[in-house]
1. Can you name the residue in region 1-49 that is among the hydroxyl-bearing types (S, T, Y) and open to solvent by less than 90 Å² (accessible area, probe 1.4 Å) and is also modelled with the lowest pLDDT among such residues?
2. Got a number for residues in region 170-201 being over 28 Å from V87 (Cβ atoms), among the small types (G, A, S) and touching a residue at least 24 places away in the same chain (Cβ under 8 Å)?
3. Taking region 106-123 only, how many residues are open to solvent by 40 Å² or more (accessible area, probe 1.4 Å) and within 19 Å of the chain's Cα centre (by Cα)?
4. Of the residues in region 189-245, how many are over 17 Å from the mean Cα position of the chain (by Cα) and either in a helix (DSSP H, G or I) or closer than 30 Å to S162 by Cβ (or both)?
5. Return yes when L56 is modelled with pLDDT under 90 and either within 26 Å of the chain's Cα centre (by Cα) or surrounded by fewer than 17 Cβ atoms within 10 Å (Cβ to Cβ) (or both) and no when it is not.
6. Out of all the residues in region 148-188, which are part of a loop (DSSP other than H, G, I, E, B), acidic (D, E) and open to solvent by 80 Å² or more (accessible area, probe 1.4 Å)?
7. Residues that are touching a strand residue (DSSP E or B) at 6+ places or on another chain (Cβ under 8 Å): list the helices (runs of 4 or more DSSP H) wholly contained in region 18-72 that include at least 1 such residues.
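The values are calculated or read from the model by the stated rules, or taken from the named source; none is laboratory data. Bear in mind the structure is a predicted one, so any value in this text is a computation, not a measurement. Don't worry about glycine lacking a Cβ; one is built from the backbone with ideal geometry, like all the others, and counts go over all protein chains shown. Keep in mind that these areas ignore ligands, DNA and RNA; they rest on the heavy atoms of the full protein, side chains included. Shrake-Rupley method; radii C 1.70, N 1.55, O 1.52, S 1.80 Å.
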Amino acid sequence: MATPTRPAPTGPARRPRDDTRLALLFILPALIGFLVFLLWPTLRGIYLSFTKFNLLTPARWTGLDNYARMAQDPVFWNALAVTVYYVVVNIAVQTVLALVIAVMMQRLTRRTWLRGVVLTPYLVSNVVAALVFLWILDYQLGIGNKLLELIGLDRVGFLVDSAWVIPTIALINVWRHVGYTALLIFAGLQTIPETLYEAGRMDGASEPRMFRTITLPLLRPVMAVVLIISVVGSFQVFDTVAIATRGGPVDSSRVLQYYIYEVAFNRFQFGYASAMSVALLVVLTIITFVQYRLTRAGTSDLA
């Protein structure tokens, strides 16, 4: 007769390890950086926007005077209009080009070295890119105008003509950022199952039709995030303007960020500059919220 086996003794249940303290330790450096370099300057700037402050004397509370001045400042409204014009040109061209490049990398080739080549301009700093194109597009000595003359065209004042300056600045920044934007879109394309394209080919769908009916709808959440990032970044354009045009000619490239810089560091009116910065923050917050809701960035059509 078999002897019944006794169940192995069981001790007290082992509690799962709590890694909260370890996680907080890893997060702490980033949290300190966020508090010191982002949150505190933001709160300080909001406070200064209600004061008159020039670095030489203590800040004096003036209430809404800076905002009343801003509402009546024609240079501020011109700078805002110029910035919006730049954003529209930059986003339109950059998004279309980035989408085309990403789709070509997805549908034609996926070589890693090609992605590196596409990303190379993004590794160049804004200041260096602005200086290089300042020399290339110079009206008198620039190689760009020399090439135009060689093919029988007149010289173009890319950075000295009011009609050309904002499109030129936008295209300079498109050249620098389009590769990064294309790689973001390319990453989104990787989430679309290849079986959908195979089914489309079996049904006789052409590449343009599959792009309209498969790629674009399923890429919507990624495109929404890309547009939000691009719009926020475009509203903060500064380096290219400061190096290439300094707001000229005749305020035609004086974007809002450059005007804020001038008021703060040339005129030392930090209270008024802070008020314009807060206004820009509010505008970007509203635009981001509207974009997020209209594009339904938090949902996906991919089941």
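1. Among those that are among the hydroxyl-bearing types (S, T, Y) and open to solvent by less than 90 Å² (accessible area, probe 1.4 Å), it is T20.
2. The number of residues fulfilling the criteria is 0.
3. Counting residues in region 106-123 that are open to solvent by 40 Å² or more (accessible area, probe 1.4 Å) and within 19 Å of the chain's Cα centre (by Cα) gives 4.
4. So the answer is 28.
5. Yes; evaluated as a whole, the condition is true for this residue.
6. The one that is part of a loop (DSSP other than H, G, I, E, B), acidic (D, E) and open to solvent by 80 Å² or more (accessible area, probe 1.4 Å): D154.
7. Values: elements: 20-34, 40-48, 65-71.
It comes to 65-71.
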